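Rule-based calculations on the coordinates, nothing more; no lab input. Please read all numbers here as calculations on a predicted model, not as lab measurements. Because the Cβ atoms are built from the backbone with ideal geometry, glycine has one as well, and the counts that use them run over all protein chains shown.
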Amino acid sequence: MRKLVIAISMLAFACSAAFADPILDRQALMKERGKIVGGLSKVVKGEEPFDAAAVLTQLQALEANAEKFDTGVEALFPAGSDTGDTTASPKIWEDMAGFKVAEQKYLADTKAAVAAAPADVDSLKAQFETIASNCGTCHQSYRIKKG
C-alpha cells in the first residue's frame with residue numbers, strides 16, 4: 001500500500017510538470033496503458049491466477065494513467081504534433097471535443113472498476129470488457145493503423 005501511495009504521489013507530481021516532447025510523452029503513456037491492460041487480460045483469459053489485491057493495484061495504476069492522460073490532453077496533443085513518428089489520427093485535432101469525451105469515458109469506466117474492486121475473475125471480466133471496449137472505440141476513431 002505504501003508503494004502505491006508513493007507511486008500515486010510521484011504521478012501527481014509528474015502531472016504538474018510540462019510535457020517535454022508531446023509525441024514521446026503520449027506514446028509512453030499509451031505503452032504503459034497497454035502493458036497494464038495486457039496484464040489484466042492475462043488474468044481475464046485465465047493465463048494468470050486471479051489475485052484480488054494484484055488486480056486492484058493494476059486497476060489503480062490504469063486509473064492513474066488515465067488521469068494523467070486526461071489532465072494533460074492539450075499538452076499531449078498540441079497543434080503541430082500530428083506529424084512525425086505518430087499514429088495519432090488527424091481526427092484528434094479536427095474533433096478534440098469528441099476525443100476528450102472518449103478519454104473521459106475511459107477514465108470514468110476505469111474509476112468505476114477501481115471503486116467496484118473486483119472480488120473474482122467474473123466481475124473483473126465484465127469491467128475489463130467495458131475498459132477494453134473504450135480502447136477499441138478510441139483506436140478506431142483516433143488512431144492510424146500501422147502498416
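Within region 128-137, how many residues are surrounded by 17 or more Cβ atoms within 10 Å (Cβ to Cβ) and without any contact (Cβ under 8 Å) to a residue 60 or more places away in the chain?
Going through region 128-137 one residue at a time, the tally reaches 1.
For region 93-145, which residues satisfy the criterion of being more than 18 Å from the chain's Cα centre (by Cα) and among the β-branched types (Val, Ile, Thr)?
121
Among the residues of region 24-35, are any farther than 19 Å from residue 106 by Cβ and of a type outside the set (Ser, Thr, Tyr)?
Looking for residues that are farther than 19 Å from residue 106 by Cβ and of a type outside the set (Ser, Thr, Tyr), one finds at least one in region 24-35, hence yes.
Checking residue 89 against (1) under 19 Å from the mean Cα position of the chain (by Cα); (2) closer than 18 Å to residue 23 by Cα; (3) free of Cβ contacts under 8 Å to residues at least 24 places away in the same chain, only one condition comes out false. Which one?
Here residue 89 meets the rest and fails (3).
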